[in-house]
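Everything on this sheet refers to the single structure shown next.
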Amino acid sequence: MQIYFASRDGQSRKIATHIAGRLAARGIAATPTDLAEATPSAADLAGSPLVVAIMSIRYGKHLPEGLRFVETFKSLAAPPPLVLASVNLTARKPGKDTAEGNVYLRKLIARNGLAPVLATAFAGRLDYPRYGFFDRLAIRFIMLITSGPTDPTAVVEYTSWDKVDAFAAQIAAVAAEVAAPQTGDEEA
(Lines give C-alpha, C1' and ligand atoms only; values in the text may rest on other atoms or scores of the structure.)
Protein backbone atom coordinates (compact mmCIF):
# COMPACT_ATOMS: atom_id res chain seq x y z
CA MET A 1 0.00 0.00 0.00
CA GLN A 2 1.15 3.53 -0.77
CA ILE A 3 0.51 6.40 1.60
CA TYR A 4 0.62 9.51 -0.57
CA PHE A 5 1.45 12.78 1.14
CA ALA A 6 1.88 16.44 0.26
CA SER A 7 4.02 18.46 2.68
CA ARG A 8 5.94 21.72 2.79
CA ASP A 9 7.40 21.71 6.28
CA GLY A 10 7.55 17.95 6.85
CA GLN A 11 4.63 17.32 9.21
CA SER A 12 2.51 15.43 6.66
CA ARG A 13 5.60 13.34 5.83
CA LYS A 14 6.11 12.66 9.53
CA ILE A 15 2.46 11.63 9.92
CA ALA A 16 2.57 9.40 6.81
CA THR A 17 5.77 7.73 8.06
CA HIS A 18 4.25 7.22 11.51
CA ILE A 19 1.13 5.62 10.03
CA ALA A 20 3.28 3.38 7.81
CA GLY A 21 5.14 2.23 10.93
CA ARG A 22 1.92 1.46 12.76
CA LEU A 23 0.59 -0.47 9.76
CA ALA A 24 3.86 -2.41 9.47
CA ALA A 25 3.48 -3.44 13.12
CA ARG A 26 0.14 -4.98 12.06
CA GLY A 27 1.73 -6.80 9.12
CA ILE A 28 0.59 -4.32 6.46
CA ALA A 29 3.34 -3.02 4.19
CA ALA A 30 2.85 0.68 3.49
CA THR A 31 5.27 3.04 1.77
CA PRO A 32 5.05 6.82 2.22
CA THR A 33 5.24 8.52 -1.19
CA ASP A 34 5.86 12.25 -1.58
CA LEU A 35 3.46 13.67 -4.17
CA ALA A 36 5.98 16.42 -4.94
CA GLU A 37 8.42 13.76 -6.13
CA ALA A 38 6.18 11.09 -7.64
CA THR A 39 2.71 11.66 -8.99
CA PRO A 40 0.76 8.43 -9.31
CA SER A 41 -0.94 7.70 -12.60
CA ALA A 42 -4.63 6.90 -12.87
CA ALA A 43 -3.62 3.27 -13.54
CA ASP A 44 -1.51 3.20 -10.34
CA LEU A 45 -4.45 4.43 -8.30
CA ALA A 46 -7.02 2.21 -10.04
CA GLY A 47 -4.87 -0.86 -9.34
CA SER A 48 -4.64 -0.16 -5.63
CA PRO A 49 -7.06 -1.90 -3.27
CA LEU A 50 -7.00 1.14 -0.95
CA VAL A 51 -5.71 4.69 -1.49
CA VAL A 52 -4.42 6.76 1.45
CA ALA A 53 -3.66 10.49 1.07
CA ILE A 54 -2.36 12.91 3.68
CA MET A 55 -2.33 16.48 2.42
CA SER A 56 -1.28 19.66 4.12
CA ILE A 57 -2.66 23.17 3.91
CA ARG A 58 -0.63 26.26 3.12
CA TYR A 59 -2.29 29.67 3.37
CA GLY A 60 -5.78 28.22 3.34
CA LYS A 61 -5.33 25.83 0.40
CA HIS A 62 -4.24 22.25 -0.02
CA LEU A 63 -0.88 22.05 -1.76
CA PRO A 64 -0.91 21.93 -5.58
CA GLU A 65 0.53 18.41 -5.75
CA GLY A 66 -2.23 17.22 -3.42
CA LEU A 67 -4.86 18.82 -5.63
CA ARG A 68 -3.32 17.17 -8.73
CA PHE A 69 -3.55 13.86 -6.89
CA VAL A 70 -7.26 14.51 -6.20
CA GLU A 71 -7.85 15.37 -9.88
CA THR A 72 -6.28 12.07 -10.93
CA PHE A 73 -8.21 10.13 -8.31
CA LYS A 74 -11.59 11.60 -9.20
CA SER A 75 -11.00 10.84 -12.90
CA LEU A 76 -11.20 7.10 -12.16
CA ALA A 77 -14.31 5.33 -13.44
CA ALA A 78 -14.28 2.89 -10.51
CA PRO A 79 -12.07 4.39 -7.80
CA PRO A 80 -10.81 2.23 -4.94
CA PRO A 81 -11.74 3.17 -1.37
CA LEU A 82 -10.12 6.46 -0.30
CA VAL A 83 -8.70 7.39 3.09
CA LEU A 84 -8.08 11.12 3.39
CA ALA A 85 -6.41 13.30 6.00
CA SER A 86 -5.78 17.03 5.95
CA VAL A 87 -2.97 18.51 8.05
CA ASN A 88 -3.51 22.11 9.11
CA LEU A 89 -3.16 24.41 12.08
CA THR A 90 -6.90 25.09 12.18
CA ALA A 91 -7.31 21.51 13.43
CA ARG A 92 -5.61 22.57 16.67
CA LYS A 93 -8.97 23.93 17.84
CA PRO A 94 -11.64 21.66 19.36
CA GLY A 95 -14.12 20.39 16.78
CA LYS A 96 -11.93 21.45 13.84
CA ASP A 97 -10.15 18.09 13.70
CA THR A 98 -12.92 16.13 12.00
CA ALA A 99 -14.07 15.84 8.39
CA GLU A 100 -17.27 17.61 9.34
CA GLY A 101 -15.69 20.31 11.50
CA ASN A 102 -12.66 21.17 9.38
CA VAL A 103 -13.62 23.66 6.70
CA TYR A 104 -10.63 22.83 4.47
CA LEU A 105 -11.31 19.11 4.45
CA ARG A 106 -15.06 19.55 4.14
CA LYS A 107 -14.60 21.83 1.10
CA LEU A 108 -12.05 19.50 -0.52
CA ILE A 109 -14.45 16.58 -0.24
CA ALA A 110 -17.50 18.54 -1.44
CA ARG A 111 -15.80 20.38 -4.33
CA ASN A 112 -14.37 17.18 -5.72
CA GLY A 113 -17.28 14.84 -5.13
CA LEU A 114 -15.14 12.56 -2.98
CA ALA A 115 -16.59 9.86 -0.75
CA PRO A 116 -13.74 8.78 1.53
CA VAL A 117 -14.27 5.70 3.67
CA LEU A 118 -12.24 7.50 6.35
CA ALA A 119 -11.46 11.20 6.64
CA THR A 120 -9.97 13.33 9.38
CA ALA A 121 -7.96 16.46 10.02
CA PHE A 122 -4.75 16.49 12.02
CA ALA A 123 -3.32 19.55 13.67
CA GLY A 124 0.11 20.33 12.31
CA ARG A 125 3.26 21.77 13.81
CA LEU A 126 4.01 25.46 14.21
CA ASP A 127 7.75 26.11 13.85
CA TYR A 128 8.44 29.82 13.41
CA PRO A 129 12.29 29.55 13.48
CA ARG A 130 12.16 27.17 10.51
CA TYR A 131 10.08 29.50 8.31
CA GLY A 132 11.51 32.10 5.98
CA PHE A 133 10.80 35.77 6.59
CA PHE A 134 7.64 35.98 4.46
CA ASP A 135 6.16 32.71 5.75
CA ARG A 136 6.90 33.66 9.36
CA LEU A 137 5.22 37.04 8.88
CA ALA A 138 2.16 35.58 7.13
CA ILE A 139 1.71 32.75 9.63
CA ARG A 140 2.10 35.13 12.58
CA PHE A 141 -0.65 37.30 11.09
CA ILE A 142 -2.91 34.27 10.65
CA MET A 143 -2.20 33.21 14.24
CA LEU A 144 -2.94 36.73 15.47
CA ILE A 145 -6.40 36.72 13.93
CA THR A 146 -7.10 33.13 15.06
CA SER A 147 -5.84 33.59 18.64
CA GLY A 148 -2.77 31.40 18.16
CA PRO A 149 0.82 31.94 19.31
CA THR A 150 2.67 34.81 17.62
CA ASP A 151 6.05 34.63 19.38
CA PRO A 152 8.51 34.35 16.45
CA THR A 153 10.59 31.84 18.42
CA ALA A 154 7.67 29.50 19.18
CA VAL A 155 7.73 25.86 18.18
CA VAL A 156 4.49 24.05 19.00
CA GLU A 157 3.71 20.43 18.18
CA TYR A 158 -0.08 20.36 17.83
CA THR A 159 -0.33 16.89 16.25
CA SER A 160 -2.07 14.40 18.53
CA TRP A 161 -0.02 11.25 17.97
CA ASP A 162 -2.65 9.23 19.84
CA LYS A 163 -5.16 10.39 17.20
CA VAL A 164 -2.70 9.42 14.44
CA ASP A 165 -2.33 5.97 16.04
CA ALA A 166 -6.11 5.56 16.21
CA PHE A 167 -6.40 6.60 12.55
CA ALA A 168 -3.73 4.05 11.59
CA ALA A 169 -5.78 1.37 13.38
CA GLN A 170 -8.85 2.44 11.39
CA ILE A 171 -6.84 2.24 8.16
CA ALA A 172 -5.70 -1.27 9.12
CA ALA A 173 -9.33 -2.30 9.68
CA VAL A 174 -10.38 -0.91 6.30
CA ALA A 175 -7.40 -2.61 4.61
CA ALA A 176 -8.39 -5.93 6.19
CA GLU A 177 -12.00 -5.45 5.08
CA VAL A 178 -10.92 -4.62 1.52
CA ALA A 179 -8.61 -7.64 1.42
CA ALA A 180 -11.21 -10.04 2.86
CA PRO A 181 -12.92 -12.24 0.29
CA GLN A 182 -16.46 -11.08 -0.30
CA THR A 183 -19.05 -13.69 0.58
CA GLY A 184 -22.67 -13.42 -0.12
CA ASP A 185 -25.78 -15.44 -0.43
CA GLU A 186 -25.48 -17.25 -3.75
CA GLU A 187 -28.84 -18.91 -3.68
CA ALA A 188 -31.12 -17.96 -6.50
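Summary table below
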{"read-out": "Failed criterion for F5 (all others in (1) hydrophobic (A, V, I, L, M, F, W, C); (2) under 23 Å from R125 (Cα atoms); (3) in a helix (DSSP H, G or I) hold)", "value": "(3)"}
{"read-out": "Conditions (1) in the same structural domain as P79 (by TED's automatic domain parsing); (2) more than 22 Å from the chain's Cα centre (by Cα); (3) of a type outside the set (S, T, N, Q); number of the one not met by F134", "value": "(1)"}
{"read-out": "Given (1) part of a strand (DSSP E or B); (2) without any contact (Cβ under 8 Å) to a residue 24 or more places away in the chain, index of the condition P94 fails", "value": "(1)"}
{"read-out": "Residues of segment 113-153 satisfying the condition of being under 18 Å from F5 (Cα atoms) and outside any strand (DSSP E or B)", "value": "L114, P116, V117, G124"}
{"read-out": "Criterion (out of contact with any Lys or Arg (no Cβ under 9 Å at 6 or more places or on another chain) and within 19 Å of I109 (Cβ to Cβ)) met by exactly one of A53, A46", "value": "A53"}
{"read-out": "Selected residue (criterion: nearest to V52 (Cα to Cα)) from residues of segment 85-102 that are surrounded by 23 or more Cβ atoms within 10 Å (Cβ to Cβ) and of a type in the set (A, V, I, L, M, F, W, C)", "value": "A85"}
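The values are calculated or read from the model by the stated rules, or taken from the named source; none is laboratory data. This one's a predicted model, so the numbers in the text were calculated from it and none came from an experiment. Glycine also receives a Cβ, built like all others from the backbone with ideal geometry; neighbour counts cover every protein chain displayed.
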